[in-house]
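Engineer: Take a look at the following structure, please.
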Amino acid sequence: MKFFKCVMIVLLGSLSFMTYAQSPYQWVQMVANNQLSVRAILLKDELCPKVSVNNIPTAMQLRAPKVANFPAVCELLVSRDTQSIKIQQRVLPTLPREVNRIAILGDTGCRINKVSAQACNDAEAWPFRELSESITSKTPDIILHVGDYFYRESPCPEGNKGCQGSPSGYNWDTWNADWFTPASSLFQSSVIAFSRGNHEGCSRAENGWFRFLSPWAYQKTGQACTEMEKPYLFKLKNVNYIMFDSSYGQDDHTSDAQLALYKKAIEQLKIDKDSTNIFLTHRPMWTYNKIKSKYYYGNLTQQIAFKDLLPTHTLFIAGHAHYLQTLDMRTDYDQLIIGNSGTKLYKISNSMKRAVDINKHMANFVYSRSGFGYGILTNTGKAFRFYNQKGGKVGECLWLLDKSSSLNCQ
């Protein structure tokens, strides 16, 4: 009988260990309805761990089951006001009562496709891990990613030492190499809000997006791919942050159906006309740069659909264009682009161009900075400070809400 009891104790202990198996990747992200989503990836055949939420043990649920090319993901939705989150002994970030320091980055993966192979093995050529650690050192209260996490779509060319050994294709190994491993310091630093990039669109890395990062319930295998997810809104220190999925569609043409879809999505948010807003979208509404032989002016659908639809005090923040740029528009919404956080950069000069004609829309000025980097918005004073991957300051803009020219950059 004593032997039987000993065996049962050992078995129960083993089951307990299975229940509380430590996931290598755990994070907290902002989602819709003023909630946080606690997520954990299970690399082995384990049960979802329990989470201590404000010191109360709570069970996580299976968000997405394990399949051939992807591990299982667990999830627990909690209030944004949650004060403490812990899995085993690991303390996860929560939102502070006063959110003042906001880190912004975008376009982080290492580009390998049929025409280009970035040197993913070279920390200077692909500095995303260093950049992540630099953001962590700035102790942001929340991190905003404006999309494009996954770039290793093709195998590294034979004999190319810069990316030799890199995984490729739409699977866990590539997601791990392009995002989870180099971004791991961010997970312990802050709550993160994710925008969907065109690289996570249907027919590309959508499986990983829906499984790992989407702010909505997991889209099960067999369902038609959602080309555009619903936008959502959260407020930080009297500013609305609107998360919008612009992964679908092209930049230089549009259609009545897409225009109607964009308008309806924003109208359903019922945004107060007197509010101050930061609109997070992957594709920039406005930009100005000559890429190869053609000028790139931004996304036509957003330019038409959102004209006069949003409050005057609305600043668009995007990625997609692989550089840092700020555009102070004369009669349109102002634009900030941070698409320089790791992937292969487009050429752009350090410049301040004034009275710029952007496809018949005038900008008071276009402020551009070359090189890898990210931004930190300080809510007090509305100052955007821009840093390189090593944490050195490379520029600054003030968002002046009561001025005719609302951005001042130097």
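Engineer: For the chain, which semi-axes, largest first and in whole Å, follow from the square roots of 5 times the eigenvalues of its Cα gyration tensor?
Structural biologist: Calculated on Cα positions only, the semi-axes equal 37, 24, 20 Å.
Engineer: I would also like to ask the following. Tell me which residues come under 5 Å, amide H to amide H, from G395 once H is placed; ignore anything under 5 positions away on its chain.
Structural biologist: F386
Engineer: Per the 1.4 Å probe, what fraction of the accessible area of the range 47-183, in percent, lies on carbon and sulfur atoms?
Structural biologist: Answer for the range 47-183 is 49 percent, counting heavy atoms of protein chains only.
Engineer: Quick one: compute the contact order of the chain, relative version, from alpha carbon pairs under 8 angstrom and 6+ residues apart, as a percent.
Structural biologist: 14 percent
Engineer: Any idea of the accessible area per residue across the chain, 1.4 Å probe, to the nearest Å²?
Structural biologist: About 44 Å² of surface per residue is accessible.
Engineer: Let me have the 222 nm mean residue ellipticity of the chain computed from DSSP H runs of 4+ only, each contributing -39500 (n - 2.57), with the sum over all residues rounded to the nearest 500.
Structural biologist: Taking each H run of at least 4 residues, the total per residue is -4000 deg cm²/dmol.
Engineer: Right, something else. Tell me, what is the percent relative contact order of the range 226-304, built from C-alpha pairs under 8 Å that lie six or more residues apart?
Structural biologist: 34 percent
Engineer: Let me test this: with uniform point scatterers at the alpha carbons of the range 115-262, what is the Debye-based log₁₀ I(q)/I(0) at q = 0.10, 0.11 1/Å?
Structural biologist: -0.42, -0.51
Engineer: Give a residue-ordered list of calculated ³J(HN,Hα) values for the range 321-328 (Karplus: 6.51 cos²θ - 1.76 cosθ + 1.60, θ = phi - 60°; whole Hz; x for Gly, Pro).
Structural biologist: 8, 8, 6, 9, 7, 10, 10, 8
Engineer: Separate question: What is the helix-to-structure angle for 256-267, meaning the angle in degrees between its Cα long axis and the longest Cα principal axis of the chain, kept from 0 to 90 and rounded to the nearest 10?
Structural biologist: 70 degrees
Engineer: When you take every Cα atom in the range 76-174, what is the radius of gyration, and what is Dmax, the widest Cα pair distance, in Å?
Structural biologist: Considering the range 76-174 through its Cα atoms, Rg and Dmax are 17.4, 52 Å.
Engineer: Accessible area of the range 251-321 with a 1.4 Å probe: how many percent of it is carbon plus sulfur?
Structural biologist: Carbon and sulfur: 51 percent of the exposed surface of the range 251-321.
Engineer: What do you get for the angle between helix 128-137 and the principal long axis of the chain? Use alpha-carbon atoms, 0 to 90 degrees, nearest ten.
Structural biologist: Once rounded, one gets 90 degrees.
Engineer: So if the hydrodynamic radius of the range 243-401 is defined as the Kirkwood radius over C-alpha pairs, what does Stokes-Einstein give as its diffusion coefficient at 4 °C and 1.567 mPa s, in µm² per second?
Structural biologist: For these conditions, the coefficient is 80 µm²/s.
Engineer: Return the subset of K237/K273; K290/K393; K138/K393; K86/K382 for which the Cα-Cα distance in this structure is over 21 Å, preserving the input order.
Structural biologist: On the way: K237/K273 17 Å; K290/K393 26 Å; K138/K393 12 Å; K86/K382 32 Å.
Those over the limit are K290/K393; K86/K382.
Engineer: Putting +1 on Lys and Arg Cβ atoms and -1 on Asp and Glu Cβ atoms, find which of M285, L377, M352 reaches farthest to the positive end of the dipole of the range 253-408.
Structural biologist: M352
Engineer: Sticking with this structure for a sec: Using the 2.2 N^0.38 Å rule of thumb for compact globular proteins, work out how the range 45-104 stacks up: its C-alpha Rg over that value, please. Could you put the intermediate results ahead of the total?
Structural biologist: On the way: Rg = 14.1 Å, N = 60, 2.2 N^0.38 = 10.4 Å.
This ratio for the range 45-104 stands at 1.35.
Engineer: After finding the eigenvalues of the alpha carbon gyration tensor for the range 306-390, what semi-axes result from the square roots of 5 times each, listed largest first in whole Å?
Structural biologist: The equivalent ellipsoid of the range 306-390 has semi-axes of 22, 16, 12 Å.
Engineer: Can you tell me the 0 to 90 degree angle between the C-alpha axis of helix 2-19 and the longest principal axis of the chain, rounded to 10?
Structural biologist: Once rounded, the angle reads 10 degrees.
The values are calculated or read from the model by the stated rules, or taken from the named source; none is laboratory data. Source: prediction; values computed, not measured. Methodologically, a virtual Cβ is constructed for each residue, glycine included, from the backbone with ideal geometry; neighbour enumeration extends over all protein chains shown. Please note that ligands, DNA and RNA were not included when accessible areas were found on the heavy atoms of the full protein model with its side chains. Shrake-Rupley method; radii C 1.70, N 1.55, O 1.52, S 1.80 Å.
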